[in-house]
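Reading through the structure tokens given below for one structure.
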């Protein structure tokens, strides 16, 4: 069994075949999916999708791209959605200095506010970090995010950063880039990390792994991520699938 720990199957790219996508996931051993919100509309859709599918769970939150539009009412709606029984995490939240679609100061503010909300609700967080490694770590430490823990999704930092995240009680999730030929950093992480703190994901519809690179990604393809990591670690695919599945259940409180 596999658990896709980060997917966006509520995305418009799946509008015409969403049920087929979920069916194909199951046919490929992907029995559980965490569908992750990134703004209010996507968060509402994530909850609705999870309501209709027993093994699909929801995360709700505001992506740093959308931080500039966040108001007190936005956060109050996230708080309301987060109380749904199928919501198992807050996110995705964090910092993105690659595109900088929201001012850095506003990204910091909204990231901090969502961490505080997660601590209030006792939910783990899903962290997005792109080209903002040190500030991400600093905010996690300053806000005491270790109180709830969570997942650094589609991890792109160094092994030194990964060790700091692990010390804070976070899990590291690897996605399609670990299968890319010149992906030195994620492949290094895959080899060095304690398997009991490792998760796998697709981040679909983005970042399709080899051999599907360039196509629309979907949860069924998480098996390619797991296969590559098992190869890098010289573990069996079955063992890696079993352990990452249970790691994901553990951090999301689904044991």
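Selection within segment 182-205: residues that are in a loop (DSSP other than H, G, I, E, B) and free of Cβ contacts under 8 Å to residues at least 24 places away in the same chain. The member of this set that is farthest from residue 233 (Cα to Cα) is 182. In segment 206-215, of all residues being in contact with a helix residue (DSSP H, G or I) (Cβ under 6 Å, 6 or more places away or on another chain) and either free of Cβ contacts under 8 Å to residues at least 40 places away in the same chain or in a helix (DSSP H, G or I) (or both), the one that is surrounded by the most Cβ atoms within 10 Å (Cβ to Cβ) corresponds to 209. So, residue 150, is that one touching a residue at least 12 places away in the same chain (Cβ under 8 Å) and surrounded by fewer than 18 Cβ atoms within 10 Å (Cβ to Cβ) or not? Considered against the rule, which asks whether it is touching a residue at least 12 places away in the same chain (Cβ under 8 Å) and surrounded by fewer than 18 Cβ atoms within 10 Å (Cβ to Cβ), residue 150 comes out as no. When 190, 175, 162 are checked against the criterion of being within 17 Å of residue 7 (Cβ to Cβ) and touching a strand residue (DSSP E or B) at 6+ places or on another chain (Cβ under 8 Å), 175 stands alone in meeting it.
Going through (1) touching a helix residue (DSSP H, G or I) at 6+ places or on another chain (Cβ under 6 Å); (2) at pLDDT below 95 one by one, residue 182 falls short only on (1).
Looking at segment 225-239 only, could you name the residues that are out of contact with any strand residue (DSSP E or B) (no Cβ under 7 Å at 6 or more places or on another chain) and buried (at least 22 other Cβ atoms within 10 Å of the Cβ)?
The answer is 228, and nothing else.
The lone criterion from (1) within 16 Å of the chain's Cα centre (by Cα); (2) under 24 Å from residue 2 (Cα atoms); (3) not in a helix (DSSP H, G or I) left unmet by residue 46 is number (3). In segment 13-39, the residues that are at positive phi and touching a residue at least 24 places away in the same chain (Cβ under 8 Å) form Cβ pairs under 9 Å with partners that are surrounded by fewer than 21 Cβ atoms within 10 Å (Cβ to Cβ) and in a helix (DSSP H, G or I), at six or more places apart or across chains, as follows: 29/223. Would you check if residue 82 is touching a helix residue (DSSP H, G or I) at 6+ places or on another chain (Cβ under 9 Å), buried (at least 18 other Cβ atoms within 10 Å of the Cβ) and under 26 Å from residue 49 (Cβ atoms)? Judged against the criteria, residue 82 is a match. For segment 93-102, state whether one or more residues are surrounded by 14 or more Cβ atoms within 10 Å (Cβ to Cβ) and at pLDDT below 95. Scanning segment 93-102 turns up at least one residue that is surrounded by 14 or more Cβ atoms within 10 Å (Cβ to Cβ) and at pLDDT below 95.
Looking at the structure I just gave you, is residue 254 under 20 Å from residue 32 (Cβ atoms), assigned to a loop (DSSP other than H, G, I, E, B), in contact with a helix residue (DSSP H, G or I) (Cβ under 9 Å, 6 or more places away or on another chain) and at pLDDT 95 or above? Answer is yes for this residue.
Criterion first (at negative phi, in contact with a strand residue (DSSP E or B) (Cβ under 7 Å, 6 or more places away or on another chain) and either surrounded by 21 or more Cβ atoms within 10 Å (Cβ to Cβ) or modelled with pLDDT of 95 or more (or both)) does residue 105 satisfy it? Taking the combined requirement at face value, the residue does not satisfy it.
The values are calculated or read from the model by the stated rules, or taken from the named source; none is laboratory data. All of these numbers come straight from a predicted model, not from anything done at the bench. Note that we place each Cβ from the backbone using ideal geometry, even for glycine, and neighbour counts take in every protein chain shown.
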